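Colleague: This structure is in structure tokens; I'll ask about it shortly.
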Amino acid sequence: MKPVTTYGLKCAKKDEKILVQRINEYLGTIDRTMSKAKNKSMLKALLPFVLKHFYWNLNKGVGTWFEVFSNEDLEEKYFYEANKDCGWLITARIDLTHPMYEKKRTEQFLKDVLDSTGFDYVVIEEKDKE
């Protein structure tokens, strides 16, 4: 698993509610939850894509940050045109220098998040850094 990985979830855009519920149910087992980002400064980081909101979680316990967002924006543009069958995306960032980072534990956490969705997923993009 590279430090920045984007996964595509094989689901529909309309599956947002169940997707968020499933991830939050998993995160609840470790006393965590996702936050919903709606403020302009956070959304601005995704330009030129225009979203109404996205979800995120920072888990300092394993040195990760992940975002959950629709593959299709409000202007009907796709982040990943070749993966239109993926209604939602999860971009995970691993801080390899974080004191709580442990490769096995951190990667297991992210795998558990992905598995909790109940949807098949594919790796769309992997990078060593932003």
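The values are calculated or read from the model by the stated rules, or taken from the named source; none is laboratory data. These numbers come from a predicted model, not from an experiment. Please note: Cβ atoms are built from the backbone with ideal geometry, for glycine as well, and neighbour counts cover all protein chains shown. Surface areas here come from the heavy atoms of the whole protein model, side chains and all, with no ligands, DNA or RNA. Shrake-Rupley method; radii C 1.70, N 1.55, O 1.52, S 1.80 Å.
Colleague: Hey, among the residues in the stretch 76-109 that are under 24 Å from LYS60 (Cβ atoms) and among the aromatic types (Phe, Trp, Tyr), which one's farthest from the chain's Cα centre (by Cα)?
Modeller: My answer is TYR101.
Colleague: Among the residues of the stretch 32-49, write down those that are of a type outside the set (S, T, N, Q) and either open to solvent by 50 Å² or more (accessible area, probe 1.4 Å) or part of a helix (DSSP H, G or I) (or both).
Modeller: Within the stretch 32-49, ARG32, LYS36, LYS38, LYS40, MET42, LEU43, LYS44, ALA45, LEU47, PRO48 qualify.
Colleague: Could you count how many residues in the stretch 76-92 are under 12 Å from LEU9 (Cβ atoms) and open to solvent by 60 Å² or more (accessible area, probe 1.4 Å)?
Modeller: Summing the residues that are under 12 Å from LEU9 (Cβ atoms) and open to solvent by 60 Å² or more (accessible area, probe 1.4 Å) in the stretch 76-92 gives 1.
Colleague: Follow-up. Using the structure shown, decide if LYS2 is modelled with pLDDT under 95, part of a loop (DSSP other than H, G, I, E, B) and of a type outside the set (Ser, Thr, Tyr).
Modeller: Yes, satisfied.
Colleague: Scan the stretch 93-118 for residues that are part of a loop (DSSP other than H, G, I, E, B) and either open to solvent by less than 40 Å² (accessible area, probe 1.4 Å) or among the aliphatic types (A, V, I, L, M) (or both) and jot them down.
Modeller: LEU96, MET100, THR117
Colleague: Which residues, taken from the stretch 14-31, are of a type outside the set (S, T, N, Q), in a loop (DSSP other than H, G, I, E, B) and open to solvent by 80 Å² or more (accessible area, probe 1.4 Å)?
Modeller: Within the stretch 14-31, just ASP31 meets the criteria.
Colleague: Moving on to the next point. What pairs come out if I take residues in the stretch 93-109 that are over 15 Å from TYR26 (Cβ atoms) and modelled with pLDDT under 95 and pair them with residues that are of a type outside the set (Ser, Thr, Tyr) and open to solvent by 90 Å² or more (accessible area, probe 1.4 Å) whose C-beta lies under 8 Å away, six or more apart or interchain?
Modeller: HIS98/LYS60; MET100/LYS60
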